[in-house]
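Data block below; observations after.
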Amino acid sequence: MVENSELLRVPVFADLPEDQIAWFISQAEEMNLKAGQSYSRQGDPADAMFVLLEGQLEGRGVLGGETFIFTLDPGDVTGLLPFSRMKQFTVSGRAITDSRALRFPATLFPELVQRMPELTKRLVGLMSDRIRETTRMEQQRDRLAGLGKLSAGLAHELNNPASAAKRATSQLREVLKRIRDASHELGRRELTSAQKAEIEKLEASFVQQNDPPGDALTISDLEERIDSLLRSHGQNDLWQLSADLAKKNVKPEALDSLFSILEADTARAALVRIAASVEVAGLLNEIESSTSRISDLVLAIKEYTYMDQAPVQNADIVKGLETTLTILNHKLKRGIVVRRDYPKAQLLINSFGSELNQVWTNLIDNAIDAMSATGELRVRAYREDPCVVVEIGDNGPGISPQVEAHIFEPFFTTKGVGEGTGLGLDTVQRIVKKHRGNITVDSKPGDTRFRVYLPLA
C-alpha cells in the first residue's frame, strides 16, 4: 500500500494537498517489479504514466538510427504525460533492481487536469524539459554526423595532395642521385668554357620551358623522333630519357648542338643530367602544387569555422559560400557542375559567420543528395533591399507538395533510417531566424530553389 508521504517525496508531487495525493494513489496501480522485469515496450500504445518510488529502472530506445539508454531513480516520472501527442512508447522500460512504481492510466488524464491543476502544470514543464533534452541530443547527433561527413571528405581531399607530395619527394631522391652521378661523370672530363656554357644554356632553357603538354599522339611522335636522334649517335638505351624530354615538349633539333660540340659519352652524361634537371623541376612543381592545395584546404577550414576570429562580425557572404564549396569539393567533383552568380560588390552581413556556413552546408549538401551526386548546382547571391538574398538551386527531381509542407519541421526526413535525423532544415531555419531572416523554397521537377533572406541592418 502506497502512503501519501511516499508520493509527497516525489519532486513533482511535493507540497500538493493531501486529498489530491490520496485521489492520485487511489486511481493508480502499484507495480512491484523484479530485477529484469519489463514495464513497457517500444512501439506499444502509450497508455500510462509511471512514477518510480523505489529501486532503479532503465529505458532503452532508438533515436535517429542509434540506440540510447537512460536510467530512472526514485522520484522520476516517465511514460506518457498530460497533453503529450505521443501515441506509442518510444522506449522499452525494465527494472534494473527490484522496484516499486505507480502506474497512472492515460484515460484519467482529463480528470487529473481538473483535480490537480498544479501537478498538471509541473508535468507540462517536465514534458517541455524532456522535449528540449531530446531535441538537444538530436541536434548534437546531427552536428556530429555532419562533422563526421565533412571530416571524412576533408581527410580524402587532404590525403590526395599529401600522397602526391610524398610520392614526388621519393622520386626526387632518385633523380637527384642521377644528377649527382652525371655531374661526377662530366667533372672527370676536360670541358671548355664554351662546352660548359652550352650544357648550362640547354639545361636552363629546358627547365624553364612551360609549354603546355601535347596530346598522347604528339608526345609519342616526339618521343620517337628524340629516340631516333639518340640512336643515330650511338645512344641505344636512353628510351626513358626520350620519354621524359618528350613530355616537356623538347624538340630533337635542340639536342643536335650537344653532339656537335661533345664526344658521344660526354654528350650522354650531359643529356642524363639535363633530363634529370627537367624532371626535378617537374617534381618540384608537383610538390608546390600539392602543398599549396593542402594550405588552401587548411585556410578554408579556418575560414569555415571562423577560427581565431570574433564570433559576431561582418561576414562576407560570397566568401562564406566559396569556402563551403571548397569544404564540400569531395562531393561536388563526382559529377556536379557548379554555376555561380555573384555581384561585383561585397555582400556583408553582421552575423555569426560559422553558423551561416552551417546553413550553406546543409542547403548545398541537400541539393547534392537530391541530384544523386550528378547534376547542376546553382549558387547565387544578390542584394534585394533591405536584404541580402542567397539562392541555392538544383536540377534534381524536385520536392513533392506533400513533403514541402513539412520539410522545416523538426525530425521530419525523407531519408532512410540512420541516414538523416530530420534536423538539417530545422537547424537552417533556426539559424536564419536567429539572424532575423527568412527562408523560402520553390520546387518543381528539374528546378528546386531555396532562398535565404538576411537583413542588411
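Criterion first (β-branched (Val, Ile, Thr), surrounded by 13 or more Cβ atoms within 10 Å (Cβ to Cβ) and farther than 19 Å from Gln114 by Cα) does Val2 satisfy it?
Yes: the conditions hold for Val2.
Enumerate the strands (runs of 3 or more DSSP E) found wholly within region 1-87, keeping only those where 1 or more residues are within 14 Å of Pro105 (Cβ to Cβ) and of a type in the set (A, V, I, L, M).
Once the strands (runs of 3 or more DSSP E) in region 1-87 are filtered for at least 1 residues that are within 14 Å of Pro105 (Cβ to Cβ) and of a type in the set (A, V, I, L, M), what remains is 29-33, 48-54.
Sort through Leu245, Leu222, Leu230, Leu271 and tell me the only one that's touching a Ser or Thr at 6+ places or on another chain (Cβ under 7 Å), in a helix (DSSP H, G or I) and not hydroxyl-bearing (Ser, Thr, Tyr).
Leu230
Here are Val91, Val124: which of them is at pLDDT below 95 and closer than 23 Å to Phe68 by Cβ?
The conditions single out Val91.
Looking at region 65-94, I want the residues that are closer than 19 Å to Val124 by Cα and open to solvent by less than 40 Å² (accessible area, probe 1.4 Å) and have a partner that is in a loop (DSSP other than H, G, I, E, B) and among the charged types (D, E, K, R) with Cβ atoms under 9 Å, at least 6 apart or on another chain. Which pairs are those?
Sorted first by the residue in region 65-94, then by its partner, the pairs are Gly75/Arg9; Gly79/Asp47; Leu80/Asp47; Phe89/Arg41; Phe89/Asp44; Phe89/Asp47.
Which one of these does Lys248 not meet: (1) free of Cβ contacts under 8 Å to residues at least 40 places away in the same chain; (2) open to solvent by 40 Å² or more (accessible area, probe 1.4 Å); (3) in contact with a Phe, Trp or Tyr (Cβ under 9 Å, 6 or more places away or on another chain)?
(1)
Can you name the helices (runs of 4 or more DSSP H) wholly within region 306-390 that have at least 3 residues being among the polar types (S, T, N, Q)?
The helices (runs of 4 or more DSSP H) meeting that bar are 317-327, 353-370.
Conditions first: (1) buried (at least 16 other Cβ atoms within 10 Å of the Cβ); (2) of a type in the set (Ser, Thr, Tyr); (3) closer than 21 Å to Arg9 by Cβ. Thr97 passes all but one, so which condition is the exception?
(1)
So Asn210 passes all but one of these: (1) farther than 14 Å from Gly282 by Cβ; (2) in a loop (DSSP other than H, G, I, E, B); (3) under 41 Å from the mean Cα position of the chain (by Cα). Which condition number does it fail?
(1) is the only condition that Asn210 fails.
Residue-by-condition table, conditions (1) modelled with pLDDT under 90; (2) closer than 20 Å to Gly93 by Cβ; (3) surrounded by 18 or more Cβ atoms within 10 Å (Cβ to Cβ); (4) of a type in the set (A, V, I, L, M, F, W, C):
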{"residue": "Pro17", "(1), (2), (3), (4)": "no, no, no, no"}
{"residue": "Lys34", "(1), (2), (3), (4)": "no, yes, no, no"}
{"residue": "Asp44", "(1), (2), (3), (4)": "no, yes, no, no"}
{"residue": "Gly59", "(1), (2), (3), (4)": "no, yes, yes, no"}
{"residue": "Leu63", "(1), (2), (3), (4)": "yes, yes, no, yes"}
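From Leu230, Leu258, Leu241, Leu262, which residue is within 20 Å of Ala281 (Cα to Cα) and open to solvent by less than 20 Å² (accessible area, probe 1.4 Å)?
Checking each option against the conditions leaves just Leu241.
Of all residues in region 427-447, which are open to solvent by 40 Å² or more (accessible area, probe 1.4 Å) and either among the aromatic types (Phe, Trp, Tyr) or over 18 Å from Arg378 (Cβ atoms) (or both)?
Gln429, Arg430, Lys433, Lys434, Arg436, Asn438
Residues in region 369-406 that are open to solvent by 40 Å² or more (accessible area, probe 1.4 Å), under 18 Å from Gly424 (Cα atoms) and in contact with a Gly (Cβ under 8 Å, 6 or more places away or on another chain): how many?
Looking only at that region, the number is 2.
The values are calculated or read from the model by the stated rules, or taken from the named source; none is laboratory data. Note that the structure is a prediction, hence the values are computed from the model and not measured. Glycine also receives a Cβ, built like all others from the backbone with ideal geometry; neighbour counts cover every protein chain displayed. Side chains are part of the model used for accessible areas, which takes the heavy atoms of the whole protein and leaves out ligands, DNA and RNA. Shrake-Rupley method; radii C 1.70, N 1.55, O 1.52, S 1.80 Å.
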